[in-house]
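Report on the following structure.
We did not get these values from a lab; they are worked out from the coordinates using the rules stated. Computed from a prediction, not measured in an experiment: that's the story for all the values here. Cβ coordinates were reconstructed from backbone atoms using ideal geometry, including for glycine residues, and neighbour counts include every protein chain displayed.
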Amino acid sequence: MENIIELLDPKLKGYKEEMAAEVAKVQAKNEAIMSQMNEDAAKKGETLAELKSNFEKYIAQNNGVKAKAANTDNWSFSDHLKSAVVESVGENFDKIKGEQPFMAMKQVGTMTLTDNLTGTSQISYVPNPIMRSFYNPHLLDVFRIIPTATGNVSFPRGKSPLGAGSFGVQTEGQDKAQLDYDVEMVNTSVPFIAGYVKVSRQMLQDLPFLQSYLSQSLVEDFNRAVNTRFLNTIATNATALATSETVTVAKIISGLAQHGDLGLGMANLILTTWDAWSKILLTKPGDYSVPASVAIDASGVVRINGIALVPHSQVTGSRFYILNTDAFAVAQASGFQIRSTEFDQSDFIKNLVTYRAEMRGELLSFQPKAAVYGTTGT
């Protein structure tokens, strides 16, 4: 009710003011006309009776307005309200009949997001330190890198068998023993390991974390591709384990002995799966006992015979590799880099940015069968 009164109050006020003005106007007009009638009567010589008759005719003509004004002075608030509503409805009938039915106004209450907010509230971004998975180690960091001027690489390697002849004891007056050696030149074509991604400038601008995330992801996915390629090279140039052992840690120790027999330097790295790593630490011929040669250093690295055992997510399931990293090297014609451009194909027209990540490099195996590989056991 209070809201309706507030809406009609200006109408009531105007209605009252209009009636008051009308009454004042009538009174002023009456006074002017009566003055004029007196003046005319004096000029015409009208009798008092004639003048009285003229006054009564004029007053009768204005009784309607006076009566209406007098009646409204005695109106109650409800009378004025009814008159204003009737007049307002009459003036706006065509408009009112085409609108939605009258609805009660919203009640005052506690402000909440549900009741008082149109749209969504302000959004805050929270940094996510683990947007995706990362694999370690990166094998590109494990082997030494040899920079090259071109993508065609050659290196010499002794053949197997090495040649003919052998040393012997010289018989006095006789010829010494003669030997010869066979060598080969190994030619390797160094490829680009590369990838690219396209992204709109709008996305880069509206997601402030995206540029950093793209760089991290390109680096990680590049290293995963490198890991896979390098592991394939190691597997191709590895000797199969020959042992009757069945326990994982015992098989690895046998593999270390077999690698030593190859005469290709002392092994300094054991690459394996996380499952094999756990099997070694869970070995329990008697209450989780492992061979005396297995130890864990202060940084948590597991070592077997002093050689680091490194679990890696990309090593083929149930596989381990024992190798001397000096028997391998990375030929690198151009280092890894990430570059961006807005002028690839139709990028400039479409408001796109292209990120390219690449390296020209390859893992070289200086000796065939330079590693020993085996499968895990129990």
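Taking the Cβ of V330 as the centre, find all other residues whose Cβ is under 14 Å away and add up their charges (Lys, Arg: +1; Asp, Glu: -1). Once positives and negatives cancel, what remains is 0. Placing dummy labels 7 Å off each Cα toward the beta-carbon, the span from R144 to Q174 is 4.3 nm. Across the range 146-161, coupling constants 3J(HN,Hα) worked out from phi with the 6.51/-1.76/1.60 Karplus curve, θ = phi - 60°, read 10, x, 10, 7, 9, x, 10, 10, 10, 8, x, 8, x, 7, 10, x Hz, and Gly and Pro carry x. Q258 sits among other residues whose Cβ lies under 13 Å from its own Cβ, and their net charge, with Lys and Arg +1 and Asp and Glu -1, is 0. For the range 132-196, the Kirkwood hydrodynamic radius from C-alpha pairs, put into Stokes-Einstein at 25 °C and a viscosity of 0.890 mPa s, yields a diffusion coefficient of 144 µm² per second.
Computed extension gain for A164 through N187, at 0.36 nm per residue and net of the alpha carbon distance, reaches 5.8 nm.
The length gained on full extension between I338 and A194, counted as 0.36 nm times the residue separation minus their Cα-Cα distance, comes to 50.9 nm.
Calculate the tail of P(r) for the range 266-378: the fraction of all Cα-Cα distances greater than 24 Å, expressed in %.
Details: 3106 of 6328 pairs.
I get 49 percent for the Cα pairs in the range 266-378 exceeding 24 Å.
Within 11 Å, Cβ to Cβ, of G374, how many net charges do the neighbouring residues add up to if Lys/Arg are +1 and Asp/Glu are -1? Provide the component values of the computation, followed by the final result.
Numbers: positive: K251, R319; negative: E245.
After counting each charged neighbour, the total is +1.
The mean sequence separation of alpha-carbon pairs under 8 Å and at least six residues apart, normalised by the residue count of the range 257-378, gives a relative contact order of 29 percent.
With θ taken as phi - 60° and the Karplus curve 6.51 cos²θ - 1.76 cosθ + 1.60 applied, the whole-hertz 3J(HN,Hα) list for the range 333-345 is 7, 8, x, 5, 7, 10, 10, 10, 8, 9, 10, 7, 6 Hz, x standing for glycine and proline. Sorted from greatest to least, the principal axis extents spanned by the alpha carbons of the range 139-375 come out as 87, 59, 28 Å.
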